[in-house]
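I have placed the structure first, in the form of structure tokens, so that the comments after it can refer back to it.
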Amino acid sequence: MTTFATRAVNGDAVAITPTGRLNMVAAPKLRDQLHELVGAGSSRIVVDLSGTDFIDSSGLGALVSGLKVARQAGGDLRIAAPTEQVVTVLELTNLNRVLRVHESADSAFGPASETVE
């Protein structure tokens, strides 16, 4: 199974970086990896979308699923650096109200974790 790159950010948070198309092929892999991260004790997750040039409803579902399990574990899932197409889809679906956009993975859980409007 393909896995997406991960790295530690701000101590106990983990950034995961899906690239390319986050569609019905890649989304289940992302969802599974997000669930594995939370299951392994990482409940503060940043999904770095800077390399994601396309997202569809499957990709959105994977993000929402990851958000749900992270919050159930007492953490949170945040997104960072989305491309223009991803921002458009988030706005069209109003998920930008649930999945707050941060400028970078490093700042998503930082002391000044300001969201991008």
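The values are calculated or read from the model by the stated rules, or taken from the named source; none is laboratory data. Just so we're clear, the structure is a prediction, and the values are computed from it rather than from any experiment. So basically every Cβ, Gly included, is an ideal-geometry build from the backbone, and we count neighbours across all protein chains shown. These area figures cover heavy atoms from the full protein model, side chains too; ligands, DNA and RNA do not enter into them. Shrake-Rupley method; radii C 1.70, N 1.55, O 1.52, S 1.80 Å.
Go through (1) modelled with pLDDT of 95 or more; (2) assigned to a helix (DSSP H, G or I); (3) open to solvent by less than 60 Å² (accessible area, probe 1.4 Å) one by one and return the number of the condition Lys68 breaks. That leaves (3) as the condition not met.
Which of the residues spanning region 1-20 are loosely packed, with under 11 Cβ neighbours inside 10 Å and under 21 Å from Asp56 (Cβ atoms)?
Matches in region 1-20: Met1, Thr2.
Got a number for residues in region 47-65 being assigned to a helix (DSSP H, G or I), among the polar types (S, T, N, Q) and open to solvent by less than 60 Å² (accessible area, probe 1.4 Å)? Number of matching residues: 2.
Which of the residues belonging to region 71-99 are in a helix (DSSP H, G or I) and either among the hydrophobic types (A, V, I, L, M, F, W, C) or over 24 Å from Val38 (Cα atoms) (or both)? Hits for region 71-99 are Glu84, Gln85, Val86, Val87, Thr88, Val89, Leu90, Glu91, Leu92, Leu95.
Checking the conditions here, which among Ser58, Ser42, Ser65 is closer than 18 Å to Asp106 by Cα and among the polar types (S, T, N, Q)?
Details: Ser58 fails: closer than 18 Å to Asp106 by Cα; Ser65 fails: closer than 18 Å to Asp106 by Cα.
Every option except Ser42 fails the conditions.
Only a single criterion out of (1) in contact (Cβ under 8 Å) with a residue 24 or more places away in the chain; (2) over 24 Å from Asp12 (Cα atoms); (3) open to solvent by 20 Å² or more (accessible area, probe 1.4 Å); (4) out of contact with any Asp or Glu (no Cβ under 7 Å at 6 or more places or on another chain) is not satisfied by Pro82, namely (2). Residue count for region 21-46 under the criterion of being open to solvent by 20 Å² or more (accessible area, probe 1.4 Å) and touching a residue at least 40 places away in the same chain (Cβ under 8 Å): the result is 1.
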